[in-house]
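For reference, the structure is listed below as structure tokens.
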Amino acid sequence: MELLTQNSKLKKTSKTNNLRVFNFGIPAQDTCLWAGDCKKYCYASKGAYIWSNVKPAFERRLEATKQDNFPQVMIAEITRRKADVIRIHDSGDFYSREYLHKWFKVMESLPHVKFYAYSKSLPLLKGERLPANFTLIKSEGGKRDDLIDPKSDRHARIFKTEAELIASGYANASENDLIAIGSNPKIGLLAH
């Protein structure tokens, strides 16, 4: 089973940045416990994510996360694919502290790989010491946006137009996802 994939945006990001960038996705409907307004425009609830030949792969990956050996399996997959950067959850989110800690084990075992995730699972992440090679982007639009300080936290906001995004001082990560881990902590994305 392929645990790591590349959606069209990450394929383009890989090519543009000359890096091996992969993503790991699980079903959004089952794991986005703190989703709020974002449910209205969730790209992971439509299109290719729900095709009959794609949806089962997301479900199989979710089941893999529940296994005790998930960290070892993921470490082997990342090593085999010679990944430079891993986006955790192009679909889905951290659904339990146990699952979050499994990812921390993976990160700590692969310090040369960069990991990042957009997340609304802020109650699970609160108070956690994040590994040095992990960038968390707190994603607005969830039930606990009160846990995001837009003045100091790296965070993502959805915009309707590129002009609005730029005027607000956000870095546009709509085409190149690695901008999310760049120097500007204000990450802008265009609504799909």
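A few points about this structure:
- Stretching the chain fully between Thr79 and Asn18 yields a gain of 20.2 nm (0.36 nm per residue, less the alpha carbon separation).
- Distance violations [Cα-Cα > 21 Å] among Lys82/Lys120; Lys9/Lys66; Lys114/Lys186; Lys9/Lys114; Lys120/Lys186: Lys82/Lys120; Lys9/Lys66
- Each Lys and Arg adds +1 at its Cβ and each Asp and Glu adds -1 at its Cβ; summed about the Cα centre, the chain shows a dipole of about 260 debye.
- Two-site FRET efficiency, Lys126 against Asn184, from Cβ-Cβ distance with R₀ of 25 Å, rounded to 0.05: 0.60
- Rounded tilt (10° steps) of 8-17 against the dominant C-alpha axis of the chain: 90
- Taking the protein heavy atoms of the stretch 66-118 in the context of the full set of protein chains, the accessible area attributed to carbon and sulfur is 50 percent at 1.4 Å.
- Relative contact order (%) - criterion: Cα under 8 Å, at least six apart; region: the chain: 22
The values are calculated or read from the model by the stated rules, or taken from the named source; none is laboratory data. Since the structure is predicted, the reported quantities are computational estimates derived from the model, not experimental observations. Cβ atoms come from the backbone with ideal geometry, glycine included; neighbour counts cover every protein chain shown. Each accessible area value is taken on the protein alone, full model and side chains, heavy atoms only, with ligands, DNA and RNA left out. Shrake-Rupley method; radii C 1.70, N 1.55, O 1.52, S 1.80 Å.
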